[in-house]
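Have a look at the structure below before the remarks.
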Amino acid sequence: MSRLREFTLPDLGEGLTEGEILQWLVSVGDEVTLNQPIVEVETAKAAVEVPSPYAGVVTQLHHQAGDVVDVGSVIITFDTDPGAGPLDLIPEPPKAEGALIGEVGANGRTATLVGYGPKSGPAKRRARTDNPAPVVAEPPPPPPATAARVSAAAVGQAAAQTMGAVTVLAKPPVRKLAKERGVDLTSLHGTGTGGVITREDVESAGSPAPQAVSALTPGTRERRIPVKGVRKMTAQAMVSSAFTAPHVTEFITVDVTPTMELVQRLKSLPEFADVKVTSLLLVAKALLLAVKRNPEINSTFTGDEIVVKDYVHLGIAAATPRGLLVPNIKDADQLTLVELAAALQDLVTTAREGRTSPADMQHGTITITNVGTFGVDTGTPIINPGESAILCFGAVRPTPWVHEGEIAIRQVTQLALSFDHRNVDGALGSKFLADIARVLADPATTLAWS
Amino acid sequence: MTVTPEATTTPLVQLLTPEGERLHHPDYDVDLTDDDYRSFYRDLVLVRRIDVEATALQRQGELGLWASLLGQEAAQVGSGRALRPQDFAFPTYREHGVAWCKGVDPLTLLALFRGASNGGWDPQEKRFNLYTIVIGSQTLHATGYAMGIQKDGAVGDSDGEAVIAYFGDGASSQGDVNEAFVWSAAYNAPIVFFCQNNQWGISTPTSTQSRIPLYKRAEGFGFPGVRVDGNDVLASYAVTRAALDAARTGQGPTLVEAFTYRMGAHTTSDDPTRYRLSSDLEAWKLKDPLERMRSFLFKQQIGDSSFIDSVDADADELAARIRKGCLEMPDPDPLSMFDDVYADQTVLLEEQREELGTYLAGFAGGGH
């Protein structure tokens, strides 16, 4: 047996056909032990670590992080006997292509939609004896597997011609590949048995001949980015929110000079020595106080009921390497200012490192989006589905402002609040926004409302 | 979030604290030798190792599915070791630790999840019924079986037989389980209902399924219910043994709620990070069933590091045997599918069996 061993992506759930490589945990040349985690794979069901099936040295990684790989494709090759001399003397193992559904993979197992099937038994390949034993009730002889395919394809083709509608024969994974590459299946001539269009047909059609490249070749000035993962979730959430909840957005411009001074004061207090004090922290605190005075803003409109929550899971929209995420601080209303600062810091760090778990993003009740960090004044945010309001915090700018009857340079910002007009009336939304602004304009209000 | 207020206020039978302190209980106490304690620890370690290896084998494509018992070792080993040879167990699909205590080879379980057996094993051989995938239906099978041995006269003295039915907190909401409670109460059946409340019915927390602690439901059906620390192997053993003895001597059913936590995923197809907080898992890690037993052995000076190492070495050896056995597992004999359909073979099935045998023999090389 060859000392080079390939490992194919298994069906990690029940009936999965593909998985996305999130992260390799080993590199070429690494020595690995049996069951050492080698790769993180995300499927439609779960993100899991896959343990190494062999002990040895990694000689090749066949896919990069971000690749979506078919179940049954080779993802990694190991040298299971690295002490036995250089590898270039070892003949290449037979190429194992990813088995399509119904095809037999290199490991002898048949890829199926549910897990995997048994090894294709020798019964399929072995010839019948010349003198078959007499059978009691003549069963139909089993046709060889390939013959079965031909006849099935032929039947399909005949049916297609009869119906005069579907004329293209291709397996679903091949159709998917064609779609991804923008290849028109009807323009292809299938080279597979019974005229079936194969993966190779699509691949050769999808790679343009070198001389075909010209200034007019379509597509060369465009990039196509598959919509998946966080982007897909974001798109769904935005559409669902924008088209179910009638949004109203209100704006207020506020002199936050006292708040900015308070930030500096708090920074110098020993209690805040280990945490970051930011203007966002005080905006969050102002929002929590305003929720306390206007509890109906912290609710969900379900259609039949308005569910008002006596707790605040405060969502913070965060730009992360994975895209826009809205993790929330559980029971933020129960936290002291120091605890809130620590929770904010923790949430941001976790999000930036891409470690935000789905549970961290569930059950939010109200959200803040801090567009000021991008130098933007304000926006009309879209409500996080399941919530009733979202506060947009813009950039704080030195601005000429009428202060105590005189024009003065003050620190001024804009706040925008979008709310769900099904359950939040203009009066409630306005009062809530004005309350936040009042705390930021005069932080002493905090004491009055605590 | 999963530690509901009732979880901290409800009485819990405990003989070993998470810190490894030995407690005593007026109703449920056990007198064990040093060898017993070591042997309990050994079983916990081996069972966890079987589970870890099987999970890895699934991730490597060698098993179609695996339901991990991680975190529930004590509930299973404790209750499993309380079973006498004559007692019959009706498992779910997660009772790998009970199977181990009943003497079922782990490879027998793996064959099912690898698709290399026609569905199971001979339940009579080890008095361990087939894994039941349908949620809760085994409680009715167990109740029927218990009513049967009662009619056989196998119940009534201290050497009588008893039945144990395993199920989870999710299954407790099923009609089957509630019917089993009704029937076993009405007939005073010799059965122990052993509910491993691991806090999660896949992604549904127990708190959304019941307004009261699960063990209290027994009262409404008219039999005793008790909650035991399911991460405490000694308490799980003591409470189950008492409940089995009540059943075998003719005192009827008991509901045991083993309060534990599923530290892994529901099955290898599940991703618990999507619905539960990692802080919950961290809190339960401090109550780990293996750690507390190891602390106890150290504190009592009845298990030193050389003993711990030897158990770990045994576990590695067992894991290697399981891996090898799994990879080399032959496909089942096609004719064996006819064997256990009926207690007595029917004429029609016998004909079909012969037909298939002849047909398979018609290929070059013979056999199948």
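Quick look at the numbers
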read-out	value
Number of the condition not met by B:LEU360 [criteria: (1) touching a residue at least 12 places away in the same chain (Cβ under 8 Å); (2) open to solvent by 80 Å² or more (accessible area, probe 1.4 Å); (3) aliphatic (A, V, I, L, M)]	(2)
Qualifying residue in the range A:269-288 (condition: within 19 Å of A:GLN414 (Cα to Cα), touching a residue at least 24 places away in the same chain (Cβ under 8 Å) and in a loop (DSSP other than H, G, I, E, B))	yes
Selection count where residues are under 30 Å from B:VAL47 (Cα atoms), open to solvent by less than 50 Å² (accessible area, probe 1.4 Å) and in a helix (DSSP H, G or I), scope the range B:314-357	8
Conditions (1) touching a Leu at 6+ places or on another chain (Cβ under 6 Å); (2) open to solvent by 60 Å² or more (accessible area, probe 1.4 Å); (3) of a type in the set (S, T, N, Q); number of the one not met by A:SER73	(2)
Filter pass, A:VAL41 being within 22 Å of A:ILE225 (Cα to Cα) and in contact with a Pro (Cβ under 9 Å, 6 or more places away or on another chain)	no
Residue match in the range A:389-401 (condition: over 24 Å from A:ASN294 (Cβ atoms), out of contact with any helix residue (DSSP H, G or I) (no Cβ under 7 Å at 6 or more places or on another chain) and either of a type in the set (A, V, I, L, M, F, W, C) or open to solvent by less than 30 Å² (accessible area, probe 1.4 Å) (or both))	yes
Any hit, the range B:285-303, residues being β-branched (Val, Ile, Thr) and within 14 Å of chain A (Cβ to nearest Cβ)	no
Residue within the range B:339-346 that is free of Cβ contacts under 8 Å to residues at least 60 places away in the same chain, more than 10 Å from every other protein chain (Cβ to nearest Cβ), on the phi < 0 side of the Ramachandran plot and among the aromatic types (Phe, Trp, Tyr) present	yes
Top-ranked residue of the range B:142-171 - restricted to ones that are under 16 Å from the mean Cα position of the chain (by Cα) and outside any loop (DSSP other than H, G, I, E, B), ranked as farthest from B:TYR93 (Cα to Cα)	B:VAL163
Residues (among the acidic types (Asp, Glu) and part of a helix (DSSP H, G or I)) located in the range A:217-261	A:GLU261
Of all residues in the range A:13-22 being in contact (Cβ under 8 Å) with a residue 40 or more places away in the chain and at negative phi, the one that is nearest to the other protein chains (Cβ to nearest Cβ)	A:GLU14
Check on B:VAL228, assigned to a helix (DSSP H, G or I), modelled with pLDDT of 95 or more, open to solvent by less than 10 Å² (accessible area, probe 1.4 Å) and among the β-branched types (Val, Ile, Thr)	no
Test set (1) crowded, with 21+ Cβ neighbours inside 10 Å; (2) among the β-branched types (Val, Ile, Thr); (3) over 34 Å from the mean Cα position of the chain (by Cα) - A:ILE366 fails condition number	(3)
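Okay, residues lined up against (1) farther than 26 Å from B:VAL233 by Cα; (2) surrounded by fewer than 24 Cβ atoms within 10 Å (Cβ to Cβ):
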residue	(1), (2)
B:SER117	yes, yes
B:GLN124	yes, yes
B:GLY136	no, yes
B:MET147	yes, yes
B:ILE164	no, no
B:ASN188	yes, yes
B:PHE193	no, no
B:GLN196	no, no
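The values are calculated or read from the model by the stated rules, or taken from the named source; none is laboratory data. Here the structure is a predicted model, which means the values were calculated and not measured. Neighbour counts are summed over all protein chains in view; Cβ atoms, including those assigned to glycine, are modelled from backbone coordinates with ideal geometry. What goes into the accessible areas is simple: the full protein's heavy atoms, side chains included, and nothing from ligands, DNA or RNA. Shrake-Rupley method; radii C 1.70, N 1.55, O 1.52, S 1.80 Å.
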